[in-house]
Amino acid sequence: MKRKIYMVFVFFAVMLLLAACSGTISDSASYQEESSIELNAMDTYMALRAYGENRNEALDAAKTEIERLDDMWSVGKEDSEVSILNENQEGEVSDETIELIECAQKISEETGGAFDITIYPLMDLWGFATKEYQVPEESSIQEILMNKMGMDKVTVDKSTHTVTLSDGAQIDFGGVAKGYTSQSIAKIFEDYGVEHGIISLGGNIQAIGTRIDGSRWRVGIEAPNDHFDMVGTYEAEDEAIITSGAYERYFEEGGKTYHHILDPETGKPAESDLISVTIVSNNGTEADCLSTALFVLGKEKAIAYWKEHSTEFDFILVDEENHIYISEGIENHFESSYDYEEVKK
Ligand code: ADP
Ligand code: MG
């Protein structure tokens, strides 16, 4: 049996390269020193860059924050807040966990359940939790779908900071935690007076301000397959650029590929007609939920959702025919060497 898992880090490499190529510091008046760190956390490769006087302190604080949130939300750590909650089915949690659940509830409601953090038992069944991948029996999938899943099994009592899970439901913040984390780092940078920086948490990019010469950060949108060298470049300022794709994490069995974004309706990897979904938004947490949710919804419903929420975010979609679609709000900041279609409101 052939099993393979492959995580792609090209996205950030491309982004770094682009930023490096075009980031030459020429104006001595705007000269600011640069520092960067790299680390592995939340099951992915992360890289952070900051400028200005307090950049090193800001990066240290950001690293501490990443580790704190990872310790709190990793389903891979037995003593994380989420693992303890999944085990005990009820417990007092942090404000941040409540915030994450509320964001998940909102996006879940708005997308007809395409985003569903009670996905954990299914992630585990498919082996994504343990990296012991398997294609499960249909009956095991159905058992979970019918008994253990649904956002109605997650109840939050804000007055007591208590979350209650029912019927053995278990939650997984994999589709939202990195977005929250990048947003949290943006706040830390702000607190330290860091006005320019760029953060990559796997496929999740957060731009802090502009580059130091005042021009926007050039963020490469990663190629979802070898048809592309890169989907295109988005010029970002103070916003999150978050991508979900079937190519990010998967295994192969019997010549078929199984990826890590599951459709809560079928319990299987979403058979989306999209291969890559990028969300551009000022709200990193929502952008992360949305990248996953719109991937599950597929092209038509994703575009319909955007039309209802076009003031809140923009998108770059790639469908299975390798066609690129962008929402009109980012037309002035997107470039590609391929043809693309602009979607109007
Ligand atoms: P990545 O974490 O690779 O950047 P995503 O943001 O799309 O990609 O999140 C995928 C993760 O979200 C999965 O690894 C799993 O933890 C979780 N997940 C999978 N399917 C769903 C879903 N339908 N709703 C909510 N979370 C999901
Ligand atoms: Mg996501």
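The values are calculated or read from the model by the stated rules, or taken from the named source; none is laboratory data. Only a predicted model underlies this, so the values are computations on that prediction, with no experimental measurement involved. Every residue, glycine as well, gets a Cβ built from its backbone with ideal geometry; the counts of neighbours run over all protein chains shown.
Testing Gly267 on (1) of a type outside the set (Val, Ile, Thr); (2) on the phi < 0 side of the Ramachandran plot; (3) under 21 Å from the mean Cα position of the chain (by Cα), one condition comes back false. Which one is that? Of (1) of a type outside the set (Val, Ile, Thr); (2) on the phi < 0 side of the Ramachandran plot; (3) under 21 Å from the mean Cα position of the chain (by Cα), only one is false for Gly267: (2). Beta carbons closer than 6 Å, at least 6 apart along the sequence or on distinct chains, pair a first residue in region 318-331 that is under 19 Å from Arg216 (Cα atoms) with a second that is surrounded by fewer than 16 Cβ atoms within 10 Å (Cβ to Cβ) and modelled with pLDDT of 95 or more for Ile326/Glu342; Glu328/Glu342; Glu328/Lys344; Glu331/Glu342. Taking each residue of region 140-151 that is surrounded by fewer than 17 Cβ atoms within 10 Å (Cβ to Cβ) and looking for partners that are part of a loop (DSSP other than H, G, I, E, B) and charged (D, E, K, R) with beta-carbon atoms closer than 7 Å, six or more apart or interchain, yields Asn147/Asp167.
Of everything listed in (1) touching a helix residue (DSSP H, G or I) at 6+ places or on another chain (Cβ under 9 Å); (2) crowded, with 24+ Cβ neighbours inside 10 Å, the single unmet condition for Asp319 is (2). Here Tyr247 meets each of (1) within 12 Å of ligand 1 (Cβ to nearest atom); (2) part of a loop (DSSP other than H, G, I, E, B); (3) free of Cβ contacts under 8 Å to residues at least 60 places away in the same chain with one exception, condition (3). Can you tell me how many residues in region 69-126 are touching an Asp or Glu at 6+ places or on another chain (Cβ under 7 Å), polar (S, T, N, Q) and surrounded by fewer than 20 Cβ atoms within 10 Å (Cβ to Cβ)? The total comes to 2.
Among residues of region 250-263 being assigned to a loop (DSSP other than H, G, I, E, B) and away from ligand 2 (no atom under 14 Å from the Cβ), the one that is nearest to Thr278 (Cα to Cα) is Gly255.
Within region 194-217, the set of residues being modelled with pLDDT of 95 or more and part of a strand (DSSP E or B) comprises Gly197, Ile198, Ile199, Ser200, Leu201, Ile205, Gln206, Ala207, Ile208, Trp217.
Residue check: is Gly220 away from ligand 2 (no atom under 16 Å from the Cβ) and part of a strand (DSSP E or B)? Answer is yes for this residue.
I'd like to know if region 256-276 contains one or more residues that are closer than 19 Å to Gly179 by Cβ and among the aromatic types (Phe, Trp, Tyr). No - not one qualifying residue is present in region 256-276.
Take the conditions (1) touching a strand residue (DSSP E or B) at 6+ places or on another chain (Cβ under 7 Å); (2) crowded, with 21+ Cβ neighbours inside 10 Å; Gly267 misses just one of them, which is (1). Picking from Ser310, Ser272, which residue would you name as being among the small types (Gly, Ala, Ser), within 12 Å of ligand 1 (Cβ to nearest atom) and part of a loop (DSSP other than H, G, I, E, B)? Of Ser310, Ser272, the one residue that is among the small types (Gly, Ala, Ser), within 12 Å of ligand 1 (Cβ to nearest atom) and part of a loop (DSSP other than H, G, I, E, B) is Ser272. You will find that of Asp288, Asp238, Asp213, the residue that is among the acidic types (Asp, Glu), surrounded by fewer than 19 Cβ atoms within 10 Å (Cβ to Cβ), touching a residue at least 40 places away in the same chain (Cβ under 8 Å) and touching a strand residue (DSSP E or B) at 6+ places or on another chain (Cβ under 7 Å) is Asp238 and no other.
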